[in-house]
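To start, the structure under review is shown below, and the notes come after it.
The values are calculated or read from the model by the stated rules, or taken from the named source; none is laboratory data. As the structure is a computational prediction, the values presented were derived from the model and not from experiment. Positions of Cβ are backbone-derived with ideal geometry, glycine not excepted, and every protein chain shown enters the neighbour counts. Heavy atoms of the whole protein, side chains included, go into the accessibility calculation; ligands, DNA and RNA do not. Shrake-Rupley method; radii C 1.70, N 1.55, O 1.52, S 1.80 Å.
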Amino acid sequence: MWAKAANAIGFQLVWICCVAGAARGAYWLGPMAAGLFAAATLSFDGKTREDATALILTLPLGIALDSAFSATGWLRYAGNSEAGLAPIWIGALWLAFAFSLNHSLGFLRERLALAALLGLLCAPLSYVAAERLGAVEFAGPRSATFVLLAASWASLLPLLLGLLRYASSTPRRNGHPA
């Protein structure tokens with residue numbers, strides 16, 4: 001139980017380092033915190049294969065989502081590149097998020113409707129908080145951007161958790177999928 005609480009607290013600390021660091025031009029702070037968080041999670045919770053799967057699934061999807069928001073002009077991120085790709089601190093957030101899916105958020109694997117609801121309600125509020133701290137700017141119409149974020153997260157979170165549930169239930173032979 002303490003490991004799940006530590007994971008949840010650790011993720012929140014990474015979020016603060018990423019967002020506050022980006023807002024102040026310290027773009028290195030988020031990746032450093034995310035790296036420490038990932039190392040601590042791997043050291044203490046022993047779900048290396050599951051966490052690697054979560055990372056492989058989550059990191060490209062998350063970066064693609066935030067890059068799409070940037071490239072289409074819906075969101076502007078502190079430290080954003082001209083190419084419209086999500087900045088490194090967003091990648092660090094997605095890395096840390098991947099390391100919460102099997103731990104503090106693991107209970108949602110069997111509750112995909114709840115995961116969709118939490119994605120719908122909570123994720124957009126995270127972007128609003130990041131905006132208030134100066135790391136994100138809602139560049140499109142505010143209400144439309146909020147709806148787009150809510151719909152994206154209401155889809156993405158249960159998708160990721162469902163894929164992780166499927167991956168963990170796939171029979172394995174000699175360390176490889178059957």
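Scanning segment 10-27 for residues that are touching a helix residue (DSSP H, G or I) at 6+ places or on another chain (Cβ under 7 Å), open to solvent by 40 Å² or more (accessible area, probe 1.4 Å) and of a type outside the set (Phe, Trp, Tyr) yields a single hit, 13.
Candidates 114, 121, 149: the one that is surrounded by 15 or more Cβ atoms within 10 Å (Cβ to Cβ) and of a type outside the set (Ser, Thr, Tyr) is 149. Considering only residues that are touching a Phe, Trp or Tyr at 6+ places or on another chain (Cβ under 6 Å) and more than 15 Å from residue 129 (Cα to Cα), which ones fall in segment 4-25? Listed by number, the list holds a single entry, 10. Residue under question is residue 86, and the condition is that it be crowded, with 23+ Cβ neighbours inside 10 Å and outside any loop (DSSP other than H, G, I, E, B); does it hold? Judged against the criteria, residue 86 is not a match. Considering segment 28-46, the residues that are over 16 Å from the mean Cα position of the chain (by Cα) and surrounded by fewer than 17 Cβ atoms within 10 Å (Cβ to Cβ) include one that is modelled with the lowest pLDDT, namely 46. Go through segment 59-82 and give me each residue that's crowded, with 20+ Cβ neighbours inside 10 Å and part of a helix (DSSP H, G or I). Selection gives 62, 66, 67, 69, 70.
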